[in-house]
Structures are given as C-alpha cells and as structure tokens.
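*Asks:* Sharing a structure, written as structure tokens. Questions coming.
The values are calculated or read from the model by the stated rules, or taken from the named source; none is laboratory data. Being a predicted model, the structure only gives us computed values, none of them experimental. Cβ placement follows ideal geometry from the backbone for every residue including glycine, while neighbour counts extend to all protein chains displayed.
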C-alpha cells in the first residue's frame, strides 16, 4: 500500500491539481457493513500488501469464515477484532492513478459518535452507510447531523447489503428519498446515493451486474471524480503564532520571528498585517520557509514571519491582513457537539482552546438542544450529555479572534476543555450551523 501525507505542494499555487488529494470519512450504524466496505475498497483497488491479505485470511480461517473477512483490514485494535465492532478512528492512506486519499474510518456505535466528529472535522466527503434491510435509523440521522454540523461539502449515501433485499430498486429509492429529504433539511449541500453490496463488491470498485437499473458511479469512481475545492490558499489569511524565535546568536543578533502553521490564506512580504487580539499593525518584512527566504507562503505551510516593528507578540496571537481581520470578541455563540461523559451545564467554568490560544471562559447559557428525529430545538436544556448537539453562549476572560465557521473550518472551530483535568468536553463551531 502506498502511503501519502499532505504537504505544501498540494495547493493550486504550487502548480499541482487541487483535486489530487481527497480526505473522506466513513460512518454507519452497527452491522451496516462499514468495515467490510472499507476493506473491499482497499482490496479491490489493490491498495493492500500481500502479507496484509495473508494475515486477514489466517485470522478469518481461525474464526471459521469461508473466505477472507475484509472487515479485519480496518478493525485493527484487538478489542475491535474480538467484539467485531469498530471502536477507534482508523486512518488509511491509499492511492489510485487518478487521486490520492486519506480515509478516516469512524465507529458506528452511538457512544462513539464523538469519534466521528474527529474523523469528519477535516473531511471533504463523508460516506454514510445504511443497511438496505433497516433503512434510515436514528444513528443514520445522527451521522447526517454531524456531517451538516461540520460543513462536510459532499455526502455519499451508500445503501449496503442490496443482495439481501434481492437487488430491489424500490427499496433503494425509498431509502435514498428519506435520507436526502432529511439531509437537505439539515443543510447538507449535496447527497449522492449509491446502491452497493460491500460483501460481494457490487458498485464498490466495479459496477454491479445485478443492478442494471442503476446508471450512476461506483463508490471509487465517485471518490475519484468528485470536485474538491481546496481553496484555503485563496481565503482569509490567518497565522496563529505557535512560537517566538529569538536565537540571539552572533550570526543573527537581532533576529525575531513568529513561527506557526498558516491556517488559511496566503501571506506575502510587504503585506500589511494586524496582530490580534491587541490590534497592533505592522508589515511583513520577510518569510522563512524550511531554512530559506521566500516572498509568498500559503496554507498549510509552516513558516516564520519577520515583521518590521518590534511588537509584543506571543503564542496564541493571530496574524491576519489589516483589511481582512476578524474582530476579537469575548461573547461567543456556537453550535456544539458534546463529547465527554461529564455533562455540560450553565455556569460551568471551562477552557476554550482556539488554534494555539487557550483562555478561561464560562458557559453563560445552553440555548437549545437539537432533536435528531424531528429536527426541532428544545430550548434551554438543563445540561448537554455525550453526543448531544446544541447551541450555547460563552463569555471568555480575554478576547478571541474567531472567524465564522462557514468561512473557515480551522479558525471558526474550537474546543471546550475541563480546567481541572484537561478532558476535552465539547467540539464547537462559531455561529448557527443549522
């Protein structure tokens, strides 16, 4: 299997096609066949090594299976193999001649919905599996809600186990209509429904001979051709400062640089910028990248900015263009997915981690909780529990420079952390995502 990692070359500015890399996540209810789908995708696209396949064949034989259980290609933890379920988020890297992929295989159990938030937070596409025998269930709705919450641009509805319903077109059409109606109401911009059988491989990599009534793409064909607009290099420029570099050597006695990974946009020498939350303005005097000076840098490159003025800048500050800077605020309204077993309650003191900055905050109010069945809000719930989705209002001790999540998935998102033990409590997105 070929392993690829994201690099600064995967940008339009580097002269490489913006569609060379697709990040996608998979989600599905228990026993919908998600791990089998991922295994089939890797196997039929020839993205696994022969020794990996041999190990799966041995493990399958020990469990009494007649053939290789492709789900074992992704259920890597011992507990997952023993229980026959997916627990952790597993990342897989593979490639075809047309595109490279980073796959986040997320669990299906309701108690692991929080893991889907992790896997889908950077995804360009989400595959939601449905068992053709069961149709859309509550966990399916939850996965659609998470995809909408995280603004995943493309959603694929994979109606699996079509072989167990006699390859019936009407069964597929009814499920596709139900899910699409629900997802559209949530604000999902695009849904592509594909009937498949992960066990037999129908419409996963190769077209199905059993469903001649379906004329759309296979799963892999859609993954290879779906348009992906990696436009972070052209949107609002943001650099969260991670480290201040002052070597104070004989060769560089006056060197002072501000290092970090560009979260979005492009920076150029000579560009006027402001440093937030203080609001001080200055000019970029130089950009250091991998030990050399450059005139321009873009996301996701890690750089060091040199500024013309000697300003008091520290970790957690945000550098942005003067004419395109967010307005720092201490009053934050956010859509959240609660992740921890510990409840979130009004008046609770938390830490807010936004990019490289962490500040104290208090939960002023829980404004609503979303009912996933009716898509209605329950106003002012007494608490949020694990996997709840809702709206909250925070007040921070010091201002934060946040973007709307609809503008930037990087600088519009943050975490709530327990100040006592460091537990991650809640994933939050600025504004109203529904």
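*Asks:* Taking the condition surrounded by fewer than 20 Cβ atoms within 10 Å (Cβ to Cβ), in contact (Cβ under 8 Å) with a residue 60 or more places away in the chain and within 25 Å of the chain's Cα centre (by Cα), does residue 225 pass?
*Replies:* yes
*Asks:* So, one more: What number of residues within region 1-44 are buried (at least 19 other Cβ atoms within 10 Å of the Cβ), assigned to a loop (DSSP other than H, G, I, E, B) and modelled with pLDDT of 75 or more?
*Replies:* Qualifying residue count for the region: 3.
*Asks:* Can I ask one more? Given (1) without any contact (Cβ under 8 Å) to a residue 40 or more places away in the chain; (2) more than 21 Å from the chain's Cα centre (by Cα), identify the lone condition not met by residue 184.
*Replies:* (2)
*Asks:* Give, as residue ranges, the strands (runs of 3 or more DSSP E) completely inside region 292-342 that count at least 1 residues that are farther than 30 Å from residue 385 by Cα.
*Replies:* Correct list: 292-294, 296-298, 302-307, 318-321.
*Asks:* Output the residues belonging to region 238-290 that are crowded, with 16+ Cβ neighbours inside 10 Å, within 17 Å of residue 315 (Cα to Cα) and without any contact (Cβ under 8 Å) to a residue 40 or more places away in the chain.
*Replies:* Matches in region 238-290: none.
*Asks:* Are any of the residues in region 101-114 modelled with pLDDT of 90 or more, over 21 Å from residue 223 (Cα atoms) and outside any loop (DSSP other than H, G, I, E, B)?
*Replies:* Checked region 101-114: no residue is modelled with pLDDT of 90 or more, over 21 Å from residue 223 (Cα atoms) and outside any loop (DSSP other than H, G, I, E, B).
*Asks:* Going by the structure shown, is residue 175 in contact (Cβ under 8 Å) with a residue 24 or more places away in the chain, in contact with a strand residue (DSSP E or B) (Cβ under 7 Å, 6 or more places away or on another chain) and in the same structural domain as residue 141 (by TED's automatic domain parsing)?
*Replies:* Answer is yes for this residue.
*Asks:* Looking at (1) at pLDDT 85 or above; (2) farther than 24 Å from residue 178 by Cα, which is the one condition that is false for residue 78?
*Replies:* Residue 78 satisfies all of (1) at pLDDT 85 or above; (2) farther than 24 Å from residue 178 by Cα except (1).
*Asks:* Would a scan of region 340-356 turn up a residue that is touching a helix residue (DSSP H, G or I) at 6+ places or on another chain (Cβ under 9 Å) and closer than 28 Å to residue 239 by Cβ?
*Replies:* Checked against the condition, which is being touching a helix residue (DSSP H, G or I) at 6+ places or on another chain (Cβ under 9 Å) and closer than 28 Å to residue 239 by Cβ, region 340-356 yields no hits at all.
*Asks:* Return the residues of region 153-174 that are surrounded by 23 or more Cβ atoms within 10 Å (Cβ to Cβ) and out of contact with any helix residue (DSSP H, G or I) (no Cβ under 6 Å at 6 or more places or on another chain); say none if nothing qualifies.
*Replies:* Those that are surrounded by 23 or more Cβ atoms within 10 Å (Cβ to Cβ) and out of contact with any helix residue (DSSP H, G or I) (no Cβ under 6 Å at 6 or more places or on another chain): 158, 160, 162, 172.
*Asks:* From the residues in region 335-354 that are at pLDDT 95 or above and closer than 24 Å to residue 277 by Cα, which one is surrounded by the fewest Cβ atoms within 10 Å (Cβ to Cβ)?
*Replies:* Once the filter is applied, the top-ranked residue is 349.
*Asks:* Among the numbered conditions (1) surrounded by 21 or more Cβ atoms within 10 Å (Cβ to Cβ); (2) in contact (Cβ under 8 Å) with a residue 40 or more places away in the chain; (3) outside the structural domain of residue 271 (by TED's automatic domain parsing), tell me where residue 319 comes up short.
*Replies:* Of everything listed in (1) surrounded by 21 or more Cβ atoms within 10 Å (Cβ to Cβ); (2) in contact (Cβ under 8 Å) with a residue 40 or more places away in the chain; (3) outside the structural domain of residue 271 (by TED's automatic domain parsing), residue 319 misses just condition (3).
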